[in-house]
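*Asks:* One structure coming up, written as structure tokens, with questions to follow.
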Amino acid sequence: MNCNIAVIKGDGIGPEIVEEAMKVLDVVGKKYGHQFCYSQILLGGASIDAYGVPLSDEALQIAKESDAVLMGSIGGNTTTSPWYQLPPALRPEAGLLKIRKELGLFANIRPAYLYKELAKACPLKEEISKEGFDMVIMRELTGGLYFGERKTEEVDGVRKATDTLTYDENEIRRIAIRGFDIARKRKKKVTSVDKANVLDSSRLWRAVVSEVAKEYQDVTLEHMLVDNCAMQLVRDPAQFDVILTENMFGDILSDEASMVTGSIGMLSSASLREDKFGLYEPSHGSAPDIAGKNIANPIATILSAAMMLRYSFDLDQEADAIEQAVQKVLEEGYRTTDIMSEGQRLVGTKEMGDVIAQTIENL
């Protein structure tokens with residue numbers, strides 16, 4: 001199979017971790033007879049530096065013409081970076097929001113899995129972490145506060161900011177269907193998270209999700225308020241299977257879920273639309289403080305590449321090989337600094353990519 005992949009290395013540690021994911025993909029291609037063709041484009045701070053905008057029309061067009069997009073992390077230090085002295089529409093994250101919207105990527109899938117080898121890295125009590133957990137957070141990605149109308153104005157000498165949270169029933173229904181479809185292939189449970197005791201948008205969310213649930217009689221649905229969900233994630237994460245929620249809640253809860261796995265450096269993500277096209281990236285940020293030091297954990301990006309093989313190219317065997325290699329490498333004690341514990345083997349970014357690639361070759 002020939003696969004055309006738009007590659008966004010991004011900012012901070014992005015270029016380092018994407019290099020390792022490409023290294024792994026090339027080994028997979030050689031082993032299984034596929035050709036991965038990369039077209040590198042800029043997004044975020046790197047694009048601002050080169051073109052003065054966080055996403056150029058040319059870069060967007062290349063992404064649209066590709067079969068999938070593999071991305072690192074974008075952005076920088078919001079306090080010191082000159083990118084954040086620019087108007088909001090020209091900052092790195094504006095490019096990320098634009099590419100999601102333009103590509104129609106409405107469904108963000110973020111698995112959160114606690115490897116038994118990393119139980120000691122989990123910040124939760126041992127009686128919780130020893131049970132492990134395996135959940136997926138399904139986040140709506142192109143609606144809500146992040147895409148609503150916003151303005152900052154001065155009213156009677158007082159500065160006032162307004163952000164608008166809007167969802168229509170079609171936006172809710174399509175993400176709910178995705179969530180139930182995924183749950184049907186897993187443990188058949190959906191936890192729909194909202195703030196229906198306060199927000200009209202959440203009351204509509206709850207109503208539409210309940211309607212969709214009627215078509216999935218084999219899947220259990222529960223509704224949970226977002227503040228309770230945040231507490232339950234640290235009290236008993238094993239209770240969750242698929243967490244279905246709106247854009248902002250999903251952004252926050254997925255970061256919380258990532259930390260209870262031991263490190264945000266372990267978590268992959270996929271942003272999908274109705275067809276096979278998707279954008280694949282790690283759940284973590286650009287970590288500018290450790291960029292260029294060869295200490296960033298590339299596993300989240302490597303696992304994101306595995307998700308790309310599975311969801312966009314239907315290469316399940318190849319995706320399994322990457323996931324099995326990551327599991328084996330952890331079993332053998334290889335660790336980057338963020339997941340390091342006593343008695344394990346500390347390696348850098350490049351070395352972790354090398355050992356995962358070698359393990360795939362030897363499977």
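*Asks:* I'd like to verify a number: residues in the stretch 10-49 that are under 18 Å from the mean Cα position of the chain (by Cα), crowded, with 23+ Cβ neighbours inside 10 Å and not in a loop (DSSP other than H, G, I, E, B), how many?
*Replies:* Residues in the stretch 10-49 being under 18 Å from the mean Cα position of the chain (by Cα), crowded, with 23+ Cβ neighbours inside 10 Å and not in a loop (DSSP other than H, G, I, E, B): 7 in total.
*Asks:* Of the conditions (1) assigned to a helix (DSSP H, G or I); (2) free of Cβ contacts under 8 Å to residues at least 24 places away in the same chain, Lys98 fails just one. Which one is it?
*Replies:* (2)
*Asks:* Quick one: what pairs do we get from the stretch 64-81, first residue among the β-branched types (Val, Ile, Thr), second assigned to a loop (DSSP other than H, G, I, E, B), C-beta under 7 Å, 6+ apart or different chains?
*Replies:* Pairs that qualify, where the first residue is among the β-branched types (Val, Ile, Thr) and the partner is assigned to a loop (DSSP other than H, G, I, E, B), are Ile74/Asp11; Ile74/Leu43; Ile74/Gly44; Ile74/Ser286.
*Asks:* Within the bounds of the stretch 232-246, is there any residue that is more than 30 Å from Ala119 (Cβ to Cβ) and modelled with pLDDT of 95 or more?
*Replies:* Going through the stretch 232-246, the residues more than 30 Å from Ala119 (Cβ to Cβ) turn out to be 246.
Applying the additional criterion that residues be modelled with pLDDT of 95 or more yields 246.
Yes; the residues of the stretch 232-246 include at least one that is more than 30 Å from Ala119 (Cβ to Cβ) and modelled with pLDDT of 95 or more.
*Asks:* When Ala107 is evaluated against the numbered criteria (1) modelled with pLDDT of 90 or more; (2) of a type in the set (Gly, Ala, Ser); (3) over 14 Å from the mean Cα position of the chain (by Cα), which criterion, by number, is the only one it fails?
*Replies:* (3)
*Asks:* Please work out if Ser210 is closer than 21 Å to Ile109 by Cα, small (Gly, Ala, Ser) and not in a helix (DSSP H, G or I).
*Replies:* On the way: closer than 21 Å to Ile109 by Cα: yes; small (Gly, Ala, Ser): yes; not in a helix (DSSP H, G or I): no.
The answer is no for Ser210.
*Asks:* Still on this structure, please answer the following. Any residue in the stretch 213-222 that is buried (at least 21 other Cβ atoms within 10 Å of the Cβ), touching a residue at least 24 places away in the same chain (Cβ under 8 Å), β-branched (Val, Ile, Thr) and out of contact with any Ser or Thr (no Cβ under 8 Å at 6 or more places or on another chain)?
*Replies:* yes
*Asks:* Pull out all pairs, ordered by first then second residue, where Cβ-Cβ is under 6 Å, the residues are six or more apart or on different chains, the first lies in the stretch 183-208 and is under 13 Å from Glu246 (Cα atoms) and touching a residue at least 12 places away in the same chain (Cβ under 8 Å), and the second is basic (Lys, Arg) and open to solvent by 80 Å² or more (accessible area, probe 1.4 Å).
*Replies:* Filtered contacts from the stretch 183-208: Ala196/Arg203.
*Asks:* Which count do you get for residues in the stretch 206-228 that are among the acidic types (Asp, Glu) and either modelled with pLDDT under 95 or touching a strand residue (DSSP E or B) at 6+ places or on another chain (Cβ under 8 Å) (or both)? Explain how you work it out, then say what you get.
*Replies:* As a first pass, look at the stretch 206-228 and keep what is among the acidic types (Asp, Glu): 211, 215, 218, 222, 227.
Checking the rest, the ones that are also either modelled with pLDDT under 95 or touching a strand residue (DSSP E or B) at 6+ places or on another chain (Cβ under 8 Å) (or both) come to 222.
So the answer is 1.
*Asks:* Still on this model: Tell me whether the stretch 157-164 contains one or more residues that are part of a strand (DSSP E or B) and basic (Lys, Arg).
*Replies:* Going through the stretch 157-164, the residues part of a strand (DSSP E or B) turn out to be 158-163.
Subsequent filtering for residues that are basic (Lys, Arg) retains 159-160.
For the stretch 157-164, residues part of a strand (DSSP E or B) and basic (Lys, Arg): present.
The values are calculated or read from the model by the stated rules, or taken from the named source; none is laboratory data. No experiment lies behind these values; they were computed from the predicted model shown. Quick reminder, even Gly has a Cβ in these numbers, built from the backbone with ideal geometry, and neighbours come from all protein chains shown. Accessible surface areas use protein heavy atoms only, side chains included; no ligands, DNA or RNA. Shrake-Rupley method; radii C 1.70, N 1.55, O 1.52, S 1.80 Å.
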